[in-house]
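Asker: The structure that follows is given in the form of structure tokens.
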Amino acid sequence: MISQPPYAAELGLQLCHDCGNACQLTDRECPRCWSVLHARKPNSIGRTWAFLIGALILYIPANLLPVMYTDMLGNGSESTILSGVIEFWRGGSWDIALLIFIASVVVPCIKFFVLGLLLVTAQRRSRWAMPERARLYRFIEVIGYWSMLDVLVVALVAALVQFRALSTIEPRLGILFFGLVVVLTMMASMSFDPRLIWDAEKNDVR
């Protein structure tokens, strides 16, 4: 029978969250960077829930409020995220429409679902699919930065349209809410301690 690798606490070690140095469990501060040491991120679940709920609340006005105003030859109109996707698609720019849809709808919804799943299972100390949940956490860390593509596309389109005569495009309040959603979901994923997934297997906290 293959023996399980020892836990850090069994070896009298803990990891510095700032520089990654392996420190003694009795150390209060990291001897390399002098950061305060914690066996787990303090109040990880509570802070992650707070950021996640805040992002969910802001995601509603981010989708309902217009994200940009376009004036073409005196014909002005405001567009939400989804209406902008439809306009780009109908205009033949299916690649930009698909990019905005993935960045502004698919990626945030995946992050909401995965973070909620990780939080609930960590709170319940579930042993269900622990390796897969750890991989899910690494996955949302990777895709989280792609959410900013929607903000960048609006800025790029605004810059390109300004070169056309009698055409203007301006950002609206919705893009601010969406930017805040991106920031809060990134902070939520940073606040979650993935080692809590494995605490259901054996309590490593001293």
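The values are calculated or read from the model by the stated rules, or taken from the named source; none is laboratory data. This structure is a prediction, so every number in the text was calculated from the model and none was measured. Virtual Cβ from ideal backbone geometry, glycine too; neighbours counted across all protein chains shown. Surface areas here come from the heavy atoms of the whole protein model, side chains and all, with no ligands, DNA or RNA. Shrake-Rupley method; radii C 1.70, N 1.55, O 1.52, S 1.80 Å.
Asker: Among the numbered criteria (1) among the small types (Gly, Ala, Ser); (2) modelled with pLDDT of 80 or more; (3) open to solvent by 60 Å² or more (accessible area, probe 1.4 Å), which one does Gly54 miss?
Answerer: Tallying (1) among the small types (Gly, Ala, Ser); (2) modelled with pLDDT of 80 or more; (3) open to solvent by 60 Å² or more (accessible area, probe 1.4 Å), Gly54 fails exactly one: (3).
Asker: Then there is this: So which of Ala129, Ala103, Ala134 is more than 15 Å from Phe178 (Cα to Cα) and in contact with a Phe, Trp or Tyr (Cβ under 9 Å, 6 or more places away or on another chain)?
Answerer: Ala134
Asker: Hey, can you tell me all the residues within the stretch 11-26 that are open to solvent by 50 Å² or more (accessible area, probe 1.4 Å) and either of a type in the set (A, V, I, L, M) or part of a loop (DSSP other than H, G, I, E, B) (or both)?
Answerer: Within the stretch 11-26, Leu11, Leu13, Leu15, His17, Asp18, Ala22, Leu25, Thr26 qualify.
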